[in-house]
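What follows is a set of notes on a single structure, which appears directly below.
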Amino acid sequence: MKTVILIGAKGKMGKAAASGLKNHRVVTASRSGEGCDYKVDITDKKSISDLFKQVGEFDAVVNTVGFCEYAEFADMTDEQWNTTILSKLIGQINLVKTGLDFIKDKGSFTLISGILNVKPIPFAIADATTSGAIDTFVKCVAHELPRGIRINVVNPTVLEEAWDVYGEMMPGFQPVPGVLVGKAFERSVDGFITGQVLFVDA
Ligand SMILES: NC(=O)c1ccc[n+]([C@@H]2O[C@H](COP(=O)([O-])OP(=O)(O)OC[C@H]3O[C@@H](n4cnc5c(N)ncnc54)[C@H](OP(=O)(O)O)[C@@H]3O)[C@@H](O)[C@H]2O)c1
């Protein structure tokens, strides 16, 4: 059994990830902390290091947080770009950078991206761009991680559980059940793979 910090645990993707982590001691966190063990804001480096200090020893970090703004490219403001980049890209990078000071030898990081960087749709340019950047970050940084530490990213299509929110903007997409996406998180945490983009698509 590993100690796994699951960030964004009560969100739709967090619940999907949790379904694949049932064999582990899961420590949960989110921005509000509601229904979770800890509060963390992944856009704030001090908040991230405070979380890791409070948890103490852990084997894995699973992040399912990456707030994205949605608008047509022509209408996207600097603020919308910055908000998305700070959460979905820099926030996740900082989880890894800071987490390296705390995670156990042979530990693992699992990040979140999303299928829209390979299957673009209108209004999702910021989500798609930061998802592509996170996929690239993971493939490349895997070569630089010390102490046998691994890193992967789960790149899922839309969840069945989120179809009521995103379905209208995603004609022609087939949603997948959260438990299937949970299997990708499980492969990342329990396997020996590293530097992989784990696509889950229908
Ligand atoms: N839903 C899908 O079908 C789907 C498919 C592919 C990819 N994704 C990606 O998965 C990610 C999560 O989506 P979701 O559908 O799970 O969203 P969601 O249901 O809205 O959940 C978001 C979660 O993130 C937490 N959170 C937000 N900002 C935070 C911050 N700065 N620091 C810490 N926690 C924060 C929220 O915590 P509080 O509630 O406590 O604020 C909540 O637990 C997104 O990047 C999305 O693009 C989603």
Study note, to complete from the structure: Of the listed residues (Glu69, Glu57), the one being crowded, with 16+ Cβ neighbours inside 10 Å, over 14 Å from the mean Cα position of the chain (by Cα), of a type in the set (D, E, K, R) and not in a helix (DSSP H, G or I) is Glu69
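Go through the stretch 72-84 and give me each residue that's in a helix (DSSP H, G or I), more than 14 Å from the ligand (Cβ to nearest atom) and touching a helix residue (DSSP H, G or I) at 6+ places or on another chain (Cβ under 7 Å).
Within the stretch 72-84, the subset in a helix (DSSP H, G or I) is 73-75, 78-84.
Still in the running and more than 14 Å from the ligand (Cβ to nearest atom): 73-75, 78-81.
Within the stretch 72-84, Phe73, Gln80, Trp81 qualify.
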Check your understanding: Is at least one residue of the stretch 166-183 under 16 Å from the mean Cα position of the chain (by Cα) and aromatic (Phe, Trp, Tyr)?
Key -> no
Check your understanding: Condition test on Gly20, is it within 17 Å of the chain's Cα centre (by Cα) and farther than 25 Å from Thr84 by Cα?
Key -> yes
Point to revise | Criterion (under 16 Å from Val65 (Cα atoms), touching a residue at least 24 places away in the same chain (Cβ under 8 Å) and more than 14 Å from the chain's Cα centre (by Cα)) met by exactly one of Ala202, Ala124, Ala162 | key: Ala162
Exercise for review: Would you confirm whether any residue within the stretch 6-15 is open to solvent by 30 Å² or more (accessible area, probe 1.4 Å) and in contact with a Lys or Arg (Cβ under 9 Å, 6 or more places away or on another chain)?
Suggested key: no
Practice item. Note down all Cβ pairs under 6 Å where the first residue falls in the stretch 58-77 and is farther than 17 Å from Ile121 by Cβ and modelled with pLDDT of 95 or more, the second is part of a loop (DSSP other than H, G, I, E, B) and open to solvent by less than 20 Å² (accessible area, probe 1.4 Å), and they're at least six residues apart or on different chains. Key: Asp59/Gly107; Ala60/Gly107; Thr64/Gly8; Val65/Gly8; Val65/Ile42
Practice item. Answer yes if at least one residue in the stretch 40-51 is modelled with pLDDT of 95 or more, more than 22 Å from Cys68 (Cβ to Cβ), outside any helix (DSSP H, G or I) and under 17 Å from the mean Cα position of the chain (by Cα), and no otherwise. Key: no
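The values are calculated or read from the model by the stated rules, or taken from the named source; none is laboratory data. Being a predicted model, the structure only gives us computed values, none of them experimental. Please note: Cβ atoms are built from the backbone with ideal geometry, for glycine as well, and neighbour counts cover all protein chains shown. These accessible areas exclude ligands, DNA and RNA; they are computed on the full protein's heavy atoms, side chains included. Shrake-Rupley method; radii C 1.70, N 1.55, O 1.52, S 1.80 Å.
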